[in-house]
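What follows is one structure encoded as structure tokens, with my remarks underneath.
The values are calculated or read from the model by the stated rules, or taken from the named source; none is laboratory data. These numbers come from a predicted model, not from an experiment. Cβ placement follows ideal geometry from the backbone for every residue including glycine, while neighbour counts extend to all protein chains displayed. The area values use the complete protein model at the heavy-atom level, side chains included, leaving out ligands, DNA and RNA. Shrake-Rupley method; radii C 1.70, N 1.55, O 1.52, S 1.80 Å.
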Amino acid sequence: MAVQPAKRGIRGAQAVLEGADGFNRVYLQGRVDTEVARDGLEHRFELLNLSYKPYPCCRDTHSAVDAVLLARAGTGRPAEDIESIRVGVTAPGYQMVCMPEQVRRAPRTVVEAQFSIPYTVAAAWIDGRLGIGHFTDEGAARHDLLDLAACVRTSTRRSTRSGAVT
């Protein structure tokens, strides 16, 4: 589809990397060696190094979601029987998906839900999956999800273990 406008002479955005509002200045504050970044571009295609994102939320929540889905499958415990779910999170991810605690345990917006380990873990446990429907105004307002999210405890860990359900 992108070829059709190009055939008609319509050009896309210009200087997206090095322009005044380009990626290098806005996100990297100009701290980039453009020669290194461009080296081998005719042979190297970074698209091949991308991965599929299985859940429609912040990537830093995915390992916790995977772990809770495995725990759920192994125990079959209903959410009402759960006192707490403990989740270990990397230090950099902790600030993004666990803080501030009151927001992450009771997200009020879709974006807050997408960046919340307590919410994503609760949704995965209760519904046995995590999908786009969880990240709507209706999904973020579900009392059953918010009740279980309030029971999720997060901490930074050096271990690769994601946590425990009690």
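Within region 104-132, restricting attention to residues that are of a type in the set (S, T, N, Q) and modelled with pLDDT of 95 or more, the residue that is surrounded by the most Cβ atoms within 10 Å (Cβ to Cβ) is Thr120.
With respect to the conditions (1) closer than 19 Å to Gln114 by Cβ; (2) part of a loop (DSSP other than H, G, I, E, B); (3) without any contact (Cβ under 8 Å) to a residue 60 or more places away in the chain; (4) not aliphatic (A, V, I, L, M), Pro56 falls short on a single one, namely (3). Here region 1-33 is the region considered, the condition is being among the polar types (S, T, N, Q) and over 29 Å from the mean Cα position of the chain (by Cα), and the residue that is least open to solvent (accessible area, probe 1.4 Å) is Gln4. Taking first residues from region 1-29 that are β-branched (Val, Ile, Thr) and partners that are part of a loop (DSSP other than H, G, I, E, B) and surrounded by 11 or more Cβ atoms within 10 Å (Cβ to Cβ), the Cβ contacts under 8 Å between residues at least 6 apart in sequence or on separate chains come to Val16/Gly22. Give the residues of region 65-103 that are open to solvent by 40 Å² or more (accessible area, probe 1.4 Å) and part of a loop (DSSP other than H, G, I, E, B), sorted by residue number. Selection gives Gly76, Arg77, Pro78, Glu83, Thr90, Met99, Pro100.
For region 139-148, does any single residue satisfy the condition of being crowded, with 19+ Cβ neighbours inside 10 Å, in contact (Cβ under 8 Å) with a residue 60 or more places away in the chain and either in contact with a Gly (Cβ under 8 Å, 6 or more places away or on another chain) or in a strand (DSSP E or B) (or both)? No, because not a single residue in region 139-148 is crowded, with 19+ Cβ neighbours inside 10 Å, in contact (Cβ under 8 Å) with a residue 60 or more places away in the chain and either in contact with a Gly (Cβ under 8 Å, 6 or more places away or on another chain) or in a strand (DSSP E or B) (or both). Does Glu18 fit the bill of being in a loop (DSSP other than H, G, I, E, B) and among the acidic types (Asp, Glu)? It is true that Glu18 is in a loop (DSSP other than H, G, I, E, B) and among the acidic types (Asp, Glu). When Ile85 is tested against (1) at pLDDT 95 or above; (2) touching a Cys at 6+ places or on another chain (Cβ under 9 Å); (3) closer than 19 Å to Lys53 by Cα, exactly one condition is not met: (3). Does Arg31 satisfy being out of contact with any Pro (no Cβ under 6 Å at 6 or more places or on another chain) and within 30 Å of Asp127 (Cβ to Cβ)? Criteria not met by Arg31.
Given the condition among the β-branched types (Val, Ile, Thr), in contact (Cβ under 8 Å) with a residue 40 or more places away in the chain and more than 15 Å from Cys57 (Cα to Cα), answer yes or no: does some residue in region 105-126 qualify?
Residues of region 105-126 that are among the β-branched types (Val, Ile, Thr), as a first pass: 109-111, 117, 120-121, 126.
In the following step, the residues that additionally are in contact (Cβ under 8 Å) with a residue 40 or more places away in the chain were identified as 117, 120-121, 126.
In the following step, the residues that additionally are more than 15 Å from Cys57 (Cα to Cα) were identified as 126.
Checked against the condition, which is being among the β-branched types (Val, Ile, Thr), in contact (Cβ under 8 Å) with a residue 40 or more places away in the chain and more than 15 Å from Cys57 (Cα to Cα), region 105-126 yields at least one hit.
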